[in-house]
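Undergrad: Below are the C-alpha coordinates for one structure; questions will follow.
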Amino acid sequence: MADSSAQSSAVGKVSSRRVYSGKIISVDLDEVQFPDGTTGELEMVRHSGASAVAPLLGGGKEPQVVLLRQYRYAANGYIYEVPAGRLDPGESPESCASRELKEETGYSAAVFRKLTTIYTTPGFTDERIHIFVAEQLTPGKSAQERDEFLEVHPVALSEAVEMVSAGKIVDAKTCIALLLAELMLNSR
(Lines give C-alpha, C1' and ligand atoms only; values in the text may rest on other atoms or scores of the structure.)
Protein backbone atom coordinates (compact mmCIF):
# COMPACT_ATOMS: atom_id res chain seq x y z
CA MET A 1 0.00 0.00 0.00
CA ALA A 2 1.38 3.42 -0.95
CA ASP A 3 2.17 6.00 1.73
CA SER A 4 -0.71 8.45 1.36
CA SER A 5 0.95 10.99 3.67
CA ALA A 6 3.77 11.49 1.15
CA GLN A 7 1.23 12.06 -1.62
CA SER A 8 -1.00 14.38 0.39
CA SER A 9 1.83 16.75 1.35
CA ALA A 10 2.13 17.87 -2.29
CA VAL A 11 -1.64 18.27 -2.75
CA GLY A 12 -3.15 21.75 -2.73
CA LYS A 13 -3.35 25.16 -4.29
CA VAL A 14 -0.57 26.12 -6.69
CA SER A 15 -1.98 29.54 -7.61
CA SER A 16 -5.21 31.50 -7.45
CA ARG A 17 -6.78 34.32 -9.43
CA ARG A 18 -9.86 36.23 -8.26
CA VAL A 19 -12.37 36.54 -11.12
CA TYR A 20 -15.33 37.97 -9.19
CA SER A 21 -15.88 39.77 -5.89
CA GLY A 22 -19.41 40.31 -4.64
CA LYS A 23 -21.31 41.18 -1.48
CA ILE A 24 -21.83 37.55 -0.44
CA ILE A 25 -19.33 35.48 -2.43
CA SER A 26 -16.11 35.71 -4.41
CA VAL A 27 -15.06 33.38 -7.20
CA ASP A 28 -11.46 32.28 -7.67
CA LEU A 29 -9.86 30.27 -10.44
CA ASP A 30 -7.40 28.01 -8.62
CA GLU A 31 -4.67 25.89 -10.10
CA VAL A 32 -4.39 22.86 -7.83
CA GLN A 33 -2.20 19.82 -7.53
CA PHE A 34 -4.24 16.63 -7.14
CA PRO A 35 -3.27 13.57 -5.05
CA ASP A 36 -1.83 11.80 -8.13
CA GLY A 37 0.56 14.71 -8.81
CA THR A 38 -1.30 16.13 -11.81
CA THR A 39 -2.54 19.70 -11.83
CA GLY A 40 -5.80 21.23 -12.96
CA GLU A 41 -7.91 24.34 -12.73
CA LEU A 42 -10.95 24.56 -10.44
CA GLU A 43 -13.53 27.31 -9.99
CA MET A 44 -13.96 27.96 -6.27
CA VAL A 45 -16.75 29.96 -4.69
CA ARG A 46 -15.37 31.62 -1.54
CA HIS A 47 -17.77 32.33 1.31
CA SER A 48 -17.20 33.72 4.81
CA GLY A 49 -19.16 30.90 6.41
CA ALA A 50 -22.42 30.91 8.32
CA SER A 51 -24.28 29.67 11.34
CA ALA A 52 -27.68 28.01 11.55
CA VAL A 53 -29.74 27.28 14.62
CA ALA A 54 -32.61 24.94 15.46
CA PRO A 55 -34.50 26.92 18.14
CA LEU A 56 -36.50 24.69 20.48
CA LEU A 57 -39.54 25.99 22.36
CA GLY A 58 -40.53 24.18 25.53
CA GLY A 59 -38.78 21.31 27.11
CA GLY A 60 -40.40 18.08 27.94
CA LYS A 61 -41.54 15.36 25.66
CA GLU A 62 -42.65 17.31 22.57
CA PRO A 63 -40.74 20.53 21.97
CA GLN A 64 -41.53 22.80 19.06
CA VAL A 65 -38.91 24.05 16.65
CA VAL A 66 -39.12 27.58 15.30
CA LEU A 67 -39.00 27.33 11.50
CA LEU A 68 -39.04 30.11 8.96
CA ARG A 69 -41.08 29.99 5.78
CA GLN A 70 -38.79 32.12 3.65
CA TYR A 71 -38.82 33.29 0.05
CA ARG A 72 -35.74 32.09 -1.82
CA TYR A 73 -35.22 33.22 -5.38
CA ALA A 74 -32.89 30.27 -6.16
CA ALA A 75 -35.60 27.83 -5.00
CA ASN A 76 -38.25 29.65 -7.05
CA GLY A 77 -40.51 30.26 -4.06
CA TYR A 78 -40.93 29.75 -0.33
CA ILE A 79 -39.12 27.01 1.59
CA TYR A 80 -38.88 26.07 5.25
CA GLU A 81 -35.61 26.83 6.98
CA VAL A 82 -34.07 27.24 10.40
CA PRO A 83 -32.72 30.72 11.19
CA ALA A 84 -29.28 31.21 9.64
CA GLY A 85 -26.92 33.79 8.26
CA ARG A 86 -23.40 34.76 7.31
CA LEU A 87 -20.62 35.30 9.79
CA ASP A 88 -19.56 38.92 10.16
CA PRO A 89 -15.76 39.54 10.11
CA GLY A 90 -14.29 38.39 13.43
CA GLU A 91 -17.63 37.04 14.68
CA SER A 92 -17.77 33.67 16.42
CA PRO A 93 -20.16 31.04 15.03
CA GLU A 94 -22.18 31.03 18.29
CA SER A 95 -22.52 34.83 18.26
CA CYS A 96 -23.69 34.65 14.66
CA ALA A 97 -26.28 31.99 15.56
CA SER A 98 -27.54 34.15 18.43
CA ARG A 99 -27.70 37.28 16.26
CA GLU A 100 -29.54 35.54 13.42
CA LEU A 101 -32.02 33.92 15.83
CA LYS A 102 -32.88 37.34 17.28
CA GLU A 103 -32.99 39.18 13.92
CA GLU A 104 -35.13 36.62 12.10
CA THR A 105 -37.46 35.38 14.86
CA GLY A 106 -37.22 37.84 17.75
CA TYR A 107 -36.24 35.04 20.12
CA SER A 108 -33.18 35.07 22.38
CA ALA A 109 -31.78 31.86 23.83
CA ALA A 110 -30.11 31.19 27.18
CA VAL A 111 -28.47 27.97 25.91
CA PHE A 112 -26.69 27.20 22.63
CA ARG A 113 -25.26 23.75 21.88
CA LYS A 114 -23.06 23.12 18.87
CA LEU A 115 -24.31 20.15 16.85
CA THR A 116 -21.84 20.04 13.95
CA THR A 117 -20.12 21.98 11.17
CA ILE A 118 -20.83 21.07 7.55
CA TYR A 119 -19.44 21.94 4.14
CA THR A 120 -22.44 22.90 2.03
CA THR A 121 -21.11 21.85 -1.39
CA PRO A 122 -17.38 20.98 -1.22
CA GLY A 123 -17.18 20.33 -4.96
CA PHE A 124 -17.10 24.05 -5.67
CA THR A 125 -17.30 26.13 -2.49
CA ASP A 126 -15.46 26.46 0.81
CA GLU A 127 -18.64 27.57 2.63
CA ARG A 128 -19.03 25.97 6.04
CA ILE A 129 -22.14 26.23 8.21
CA HIS A 130 -21.90 25.83 11.98
CA ILE A 131 -25.12 24.25 13.24
CA PHE A 132 -26.48 24.84 16.73
CA VAL A 133 -29.54 24.03 18.79
CA ALA A 134 -30.92 26.82 21.00
CA GLU A 135 -33.00 26.25 24.11
CA GLN A 136 -34.62 28.28 26.89
CA LEU A 137 -36.02 30.82 24.44
CA THR A 138 -37.36 34.23 25.36
CA PRO A 139 -39.62 36.03 22.85
CA GLY A 140 -38.79 39.51 21.61
CA LYS A 141 -38.94 41.72 18.53
CA SER A 142 -37.35 40.64 15.24
CA ALA A 143 -35.28 42.92 13.00
CA GLN A 144 -35.41 41.32 9.58
CA GLU A 145 -33.31 42.71 6.75
CA ARG A 146 -34.90 44.55 3.81
CA ASP A 147 -34.44 41.60 1.44
CA GLU A 148 -35.81 38.97 3.85
CA PHE A 149 -39.37 37.82 3.22
CA LEU A 150 -40.20 35.30 5.91
CA GLU A 151 -42.82 34.11 8.35
CA VAL A 152 -42.11 32.44 11.70
CA HIS A 153 -43.68 28.97 11.98
CA PRO A 154 -43.26 27.00 15.23
CA VAL A 155 -44.05 23.32 14.68
CA ALA A 156 -43.57 20.19 16.75
CA LEU A 157 -40.05 18.85 16.22
CA SER A 158 -41.47 15.43 15.33
CA GLU A 159 -43.66 17.07 12.67
CA ALA A 160 -40.65 18.95 11.27
CA VAL A 161 -38.70 15.68 11.02
CA GLU A 162 -41.68 14.13 9.19
CA MET A 163 -41.61 17.14 6.83
CA VAL A 164 -37.96 16.30 6.07
CA SER A 165 -38.88 12.67 5.31
CA ALA A 166 -41.81 13.75 3.13
CA GLY A 167 -39.68 16.16 1.09
CA LYS A 168 -41.53 19.25 2.40
CA ILE A 169 -38.31 20.56 3.95
CA VAL A 170 -35.59 20.53 1.30
CA ASP A 171 -32.99 22.97 2.63
CA ALA A 172 -29.89 20.91 3.52
CA LYS A 173 -28.78 22.87 6.61
CA THR A 174 -32.32 22.68 7.95
CA CYS A 175 -32.60 18.94 7.35
CA ILE A 176 -29.33 18.35 9.18
CA ALA A 177 -30.20 20.73 12.04
CA LEU A 178 -33.60 19.10 12.61
CA LEU A 179 -32.35 15.52 12.43
CA LEU A 180 -29.44 16.23 14.79
CA ALA A 181 -31.69 18.15 17.21
CA GLU A 182 -34.03 15.18 17.37
CA LEU A 183 -31.08 12.82 17.86
CA MET A 184 -29.74 15.03 20.66
CA LEU A 185 -33.10 15.08 22.45
CA ASN A 186 -33.58 11.32 22.06
CA SER A 187 -30.16 10.67 23.62
CA ARG A 188 -30.95 12.62 26.82
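Undergrad: Calculate what fraction, in whole %, of the accessible area of the chain sits on carbon and sulfur atoms when a 1.4 Å probe is rolled over the protein chains. Numbers along the way, then the final one.
TA: Details: 5530 of 10800 Å².
Result for the chain: 51 percent of the exposed heavy-atom area is carbon or sulfur.
Undergrad: Here is a further query. Total Lys pairs in the chain closer than 21 Å by alpha-carbon, pairs eight or more apart in sequence or interchain only?
TA: Numbers: K102/K114; K102/K141; K102/K173; K114/K173.
Lysine pair count for the chain: 4.
Undergrad: Right, here's the next one. At 222 nm, what value in deg cm²/dmol follows for the chain if DSSP H runs of at least 4 each add -39500 (n - 2.57) and the sum is divided by all its residues, to the nearest 500?
TA: Numbers: 4 runs with 42 residues, N = 188.
That calculation yields -6500 deg cm²/dmol at 222 nm.
Undergrad: If you wrap a convex hull around the Cα atoms of segment 87-149, how much volume per residue is inside, in Å³?
TA: Details: hull volume 6.8 nm³, N = 63.
Considering the Cα atoms of segment 87-149, their hull volume per residue is 108 Å³.
Undergrad: Might you tell me the accessible area per residue for the chain, computed with a 1.4 Å probe and given in Å²? Please list the in-between numbers first.
TA: Values: 10800 Å² over 188 residues.
Per residue, the chain has 57 Å² of solvent-accessible surface.
Undergrad: Report D for segment 3-143 in µm² per second (integer): Stokes-Einstein, Kirkwood Rh on Cα pairs, 20 °C, 1.002 mPa s. Walk me through the intermediate numbers first.
TA: Working: Rh = 17.4 Å.
Once the numbers are plugged in, D ends up at 123 µm²/s.
Undergrad: Would you grab the residues whose amide H sits under 5 Å from the one on Y78? Only those 5+ places off in sequence or on another chain, please, with H modelled 1.01 Å from N.
TA: Counting only residues 5 or more places away or on other chains, the set is R72.
Undergrad: Another one. What list of ³J(HN,Hα) couplings, whole Hz, do you get for segment 159-175 from phi and the Karplus terms 6.51, -1.76, 1.60, once you set θ to phi - 60° and write x for glycine and proline?
TA: Coupling constants for segment 159-175: 5, 4, 5, 5, 5, 5, 4, 7, x, 8, 10, 10, 6, 4, 4, 5, 4 Hz.
Undergrad: Once you sort the root eigenvalues of the Cα gyration tensor of segment 97-188 as a ≥ b ≥ c, which label holds: rounded (a/c under 1.5), prolate (a/b larger than b/c) or oblate (the other case)? Provide the component values of the computation, followed by the final result.
TA: Numbers: a/c = 1.35, a/b = 1.12, b/c = 1.21.
Since a/c stays below 1.5, the shape of segment 97-188 is classed as rounded.
Undergrad: Also, quick follow-up: Suppose a student asked you for the relative contact order of segment 37-188, using Cα pairs under 8 Å spaced at least 6 residues apart; what percent would you report? If you can, show how the numbers build up before the last one.
TA: On the way: 311 pairs, mean separation 46.6, N = 152.
After rounding, I find 31 percent.
The values are calculated or read from the model by the stated rules, or taken from the named source; none is laboratory data. Predicted, not measured: the structure shown is a model, and the values here were computed from it. The accessibility values were calculated without ligands, DNA or RNA, using every heavy atom of the protein model including side chains. Shrake-Rupley method; radii C 1.70, N 1.55, O 1.52, S 1.80 Å.
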